[in-house]
Amino acid sequence: MRIPLRNVDVAYLLRLDIGGHDFWVVFDTGSADLWVASTDCTVEDCHGVPKYSQAESHTLSLSGEPFNLSYLSGSVVGVVGTETIELGWYQIASQTFALADQTNGLDLANMGNSGILGFAFPSIAAIQPALGTTVLENIFDHLSDERRFFGYTLGRNNVETGTSSDSSITIGELDSSIVNNSSQLSYFPVFRTTHSPYDFWKLPIQSLTINSLSLPLSRSLVPGAVSPIGVLDTGTTFILGPAVDIETFWNTVNVGNSVRYNSDSQKWEVRCDRAIDVRVRLGGEDAALEIPLHPEDVSITWNKVDEDAWCTGGLQANDGVNSGDWILGDSFLRNAYVIHQAASSTRPALIGLLNLTDPQTALLDFQKMRGQDPIPLPTSFVLGQLSQPQTRDIVIATAVCASGGLIIGIIATLVYRSCGRRQGTVGQNSTA
């Protein structure tokens, strides 16, 4: 069964029935908890979205345990309970979740979501196992090993026509509109540090190229990693990477003053007609898959563009990433069909990828909408000013890391940032 996702530009929402009432929640592979705003949430941040009402439910059970989860920008406070939920054709009785009675800095009304549903590994959940298991665990418990996976495609909104390509998720089955069998995908083991549990959906990044120029990537800061580690996170709008690498990327693209850094929004911007061929290679050194990015995912706009307009760069800097080295958010994930497969007794957890973007076709579509790019293509790299490897080590080592796995880019307002394994726990204040 294909479960539709709603594209709200900076995130993808799915419809979830909680206690007999429908709510739109963020589909987030970068976190593991389910929470929803309750009618007790009266702060301005909660205004304008449907809220869960305890009074209208006959199946709610409250544990009395507090829920406290902080993001680098934004936080949620509430109480843990259990409730009957429905996702597609899956119904779970007594599903553990959090009723948020206070949110701060999450701007729910701007996106229209009432909460978040996480699909990452349970080890990063803020709600402790003693109080219940995650939604994904409960669904997987009723599936055979071979069917313990979910897959998704993330579509694009067409600002010219006002239409959107399909976005959807399937659980326990492949999307037959895209593939006939699993052999059409390339599968790679999820990276994890030796003797540590799985936490995020991670893969090694072998290369990032700009018009066939291979970007010199900073060495990985993840223990045991030979190559930089990328976290696949649907709750992140952009591709986020080390500041020095992102600066090198945009310096290289910046031929003819086609790139600028906006100090107000603290984001890189690029001319809307700038057409460059960016590709990311993921997987093992000997067996990696190259995923080309559509030019629309490198030069992002949510509105119709005029001549000489500036768009937001699909790659942005963030040295607070320590769940991995890079976050591969929606501007990457829109270019692939992705499968997340749980581990079994005989094999590791896997990520399956199928390239959905043909570079030539994508370029023609981009030029049709944005016009011809009059600026020459880059021919050599221009390194960022922070070119010494030790500079990033210092930045990472001294970064204050909040708990949480969600990143949602909202232009000129906020970006929620994940900082590795969640530190916020139920019944205990976040250490952030």
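The values are calculated or read from the model by the stated rules, or taken from the named source; none is laboratory data. None of these values were measured; they are calculated from a predicted model. Here the Cβ positions follow ideal geometry from the backbone for every residue, glycine too, while neighbour counts run over all protein chains shown. Only protein heavy atoms, including side chains, enter the accessible area calculation; ligands, DNA and RNA are left aside. Shrake-Rupley method; radii C 1.70, N 1.55, O 1.52, S 1.80 Å.
For the reader, a short list of remarks on this structure follows.
- The stretch 109-126, subset assigned to a helix (DSSP H, G or I) and within 17 Å of the chain's Cα centre (by Cα), residue nearest to LEU350 (Cα to Cα): PRO122
- Single residue of the stretch 20-37 satisfying the filter (open to solvent by less than 10 Å² (accessible area, probe 1.4 Å) and touching a helix residue (DSSP H, G or I) at 6+ places or on another chain (Cβ under 8 Å)) that is nearest to TRP326 (Cα to Cα): SER31
- The listed residue being open to solvent by less than 60 Å² (accessible area, probe 1.4 Å) and not in a strand (DSSP E or B), out of ASP40, ASP17, ASP45: ASP45
- Of the strands (runs of 3 or more DSSP E) entirely within the stretch 264-382, those holding at least 1 residues that are among the hydroxyl-bearing types (Ser, Thr, Tyr) occupy 310-313, 336-341.
Residue by residue, here is whether (1) within 28 Å of VAL338 (Cα to Cα); (2) more than 24 Å from the chain's Cα centre (by Cα); (3) modelled with pLDDT of 95 or more holds:
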{"residue": "PRO223", "(1), (2), (3)": "yes, no, no"}
{"residue": "LEU232", "(1), (2), (3)": "yes, no, yes"}
{"residue": "THR236", "(1), (2), (3)": "yes, no, no"}
{"residue": "ILE239", "(1), (2), (3)": "yes, no, yes"}
{"residue": "VAL244", "(1), (2), (3)": "no, no, yes"}
{"residue": "SER258", "(1), (2), (3)": "no, yes, yes"}
{"residue": "ARG271", "(1), (2), (3)": "no, yes, yes"}
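- Of all the numbered requirements in (1) over 19 Å from LEU333 (Cα atoms); (2) modelled with pLDDT under 95, ASP166 misses one, and that requirement is (1).
- Among residues of the stretch 139-158, those that are surrounded by fewer than 22 Cβ atoms within 10 Å (Cβ to Cβ) and assigned to a loop (DSSP other than H, G, I, E, B), counted: 8
- Scope the stretch 11-58; condition closer than 24 Å to LEU154 by Cβ and among the charged types (D, E, K, R); matching residues: ARG15, ASP17, ASP22, ASP28, ASP33
- Any hit, the stretch 303-314, residues being in contact with an Asp or Glu (Cβ under 7 Å, 6 or more places away or on another chain), open to solvent by 20 Å² or more (accessible area, probe 1.4 Å) and at pLDDT 95 or above: yes
- Subset tally (residues that are over 18 Å from ASP373 (Cα atoms) and surrounded by 14 or more Cβ atoms within 10 Å (Cβ to Cβ)) for the stretch 266-283: 7
- Counted residues, the stretch 58-72 - those being in a loop (DSSP other than H, G, I, E, B) and either crowded, with 18+ Cβ neighbours inside 10 Å or at pLDDT below 95 (or both): 4
- Contacts under 9 angstrom Cβ, first residue in the stretch 204-227 being in contact (Cβ under 8 Å) with a residue 40 or more places away in the chain and open to solvent by 50 Å² or more (accessible area, probe 1.4 Å), partner β-branched (Val, Ile, Thr) and in a strand (DSSP E or B), 6 or more apart: LEU221/ILE229
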